[in-house]
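Following: one structure in structure tokens, then a few remarks.
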Amino acid sequence: MPFVELDTSLPAERLPPGLALTLCNATADILGKPAERVNVTVRSGLPMVLSGSAEPCAQLLVSSIGVVGTAEQNKQHSARFFDILTAQLGLGPERIVIRFFPLEPWQIGKNRTVMTFL
């Protein structure tokens, strides 16, 4: 059950229509998970500073069970997410940062229990 959160200083009107769904489908493909399990949040127009600069930027947080736990996995994921983000947001890769967080099944609640028991 991947969670993807995109924070950007870009105003909402500069984001392509359907960006959340695009990120959902891209995440499913990149992480090898069904789109029905991917959760995406997009927050725009945020006051942000990246690398000491307030120029337009974005930060992506990707967390999931079992597929973002190693440097080798995340190196491959990073390249693919950067391809999507630079194309969709019109930002250079130096204005984007990605954070990966591995999750354990007991850390995600669903249907009145946790994923461990589903």
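The table for this structure:
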| read-out | value |
| --- | --- |
| Residue satisfying condition, being farther than 22 Å from Leu103 by Cα and open to solvent by 30 Å² or more (accessible area, probe 1.4 Å), within set Pro34, Pro16 | Pro16 |
| Filter pass, Phe100 being modelled with pLDDT of 95 or more, crowded, with 17+ Cβ neighbours inside 10 Å and either more than 14 Å from the chain's Cα centre (by Cα) or assigned to a strand (DSSP E or B) (or both) | yes |
| Test: Ser64 is within 22 Å of Asp7 (Cβ to Cβ), open to solvent by less than 50 Å² (accessible area, probe 1.4 Å), assigned to a strand (DSSP E or B) and of a type in the set (Gly, Ala, Ser) | yes |
| Within segment 1-33, considering residues that are without any contact (Cβ under 8 Å) to a residue 40 or more places away in the chain and assigned to a loop (DSSP other than H, G, I, E, B), the one farthest from Arg80 (Cα to Cα) | Pro11 |
| Output for segment 54-83, where each listed residue is small (Gly, Ala, Ser) and touching a residue at least 40 places away in the same chain (Cβ under 8 Å) | Ala54, Ala58, Ser63, Ser64 |
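The values are calculated or read from the model by the stated rules, or taken from the named source; none is laboratory data. Computed from a prediction, not measured in an experiment: that's the story for all the values here. As a convention, Cβ positions derive from the backbone with ideal geometry for all residues, glycine included, and neighbour counts pool all protein chains shown. Each accessible area value is taken on the protein alone, full model and side chains, heavy atoms only, with ligands, DNA and RNA left out. Shrake-Rupley method; radii C 1.70, N 1.55, O 1.52, S 1.80 Å.
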